[in-house]
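Worksheet: the structure to be examined is printed underneath.
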Amino acid sequence: MNKQKAGLFIAFEGGDGAGKSTQAARLAAALESTGHTVLRTREPGGTPIGEKLRSLVLDHGNGEIDAHTEALIFAASRAAHATQVIRPALGRGEIVLTDRYIDSSVAYQGAGRNLGQDAVQSLNEWATSGLQPHLTVLLDVDPQLGRRRRTAGQAAEDRLESEADEFHTRIRSAFLDLAAGRPASYLVLPAHLPVEELAAQILARVKTLLDAPIPEATHAPAPQLAVPEAAAPEAASDGGGA
Ligand code: TYD
């Protein structure tokens with residue numbers, strides 16, 4: 001049986017310290033043990049250019065990175081990732097697990113940096129030509145628990161992680177709003193549950209997807225970037241509809 005033919009695209013999302021990487025690794029191992037081909041990847045990153053962009057945007061010491069620049073760097077990394085890695089793997093019928101995708105930009109840059117969630121969503125739909133995950137696993141983490149987890153031991157926080165709790169609270173709400181808007185495409189789980197329990201619930205949900213016919217991952221038509229009217233005067237000249 002070739003249920004995997006169309007490929008399956010799953011994104012893990014959540015605040016810093018939610019445990020996404022642990023759960024992505026657990027799911028990959030479980031799926032591989034039953035014969036599936038799994039590609040694990042992450043954002044920002046996942047390609048050579050993406051990994052360079054990752055250091056640029058996350059490391060301290062690269063000078064000022066204003067919010068628009070930050071959003072465009074994440075989107076550039078994602079464009080390369082979607083084109084060079086995710087689409088080809090889905091085309092081969094693989095299961096792609098990405099640690100973060102578009103929702104992270106909508107939450108961190110749209111809500112966290114106040115760039116506007118719709119604007120950031122459009123930018124990223126354009127960057128990925130509308131490539132959407134079949135399922136997004138949202139690990140909902142209390143910002144204080146997230147901070148305790150990620151600073152446990154040693155770890156210095158990166159540029160985004162080191163933002164105030166209030167920033168992380170805005171991000172948490174934005175993730176939950178995204179999930180509430182399209183509940184059928186999300187599995188939302190409290191990140192404080194035991195690792196085993198989370199892994200079991202995620203695997204159970206993914207199995208239901210594998211048992212059903214999988215549609216192609218690209219649902220959205222390739223979107224147009226909204227250009228402000230003043231920047232495109234000739235567009236308004238033609239009377240009539242549209
Ligand atoms: P992540 O890889 O989850 O961090 P780590 O590997 O250190 O646990 O994410 C890196 C940071 O980048 C995280 O703080 C979230 C942020 N980020 C955005 O702000 N926007 C984005 O679009 C993405 C993908 C990540």
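Quick note: the coordinates plus some simple rules give every number you see, no bench work behind them. It should be emphasised that the depicted structure is a prediction, and the values quoted were computed from it without experimental measurement.
Quick notes
- Think of it as helices only: each DSSP H run of n ≥ 4 in the chain is worth -39500 (n - 2.57), and spread over all residues that comes to -13000 deg cm²/dmol at 222 nm.
- Share antiparallel - DSSP beta bridges, the chain, percent rounded to 5: 5
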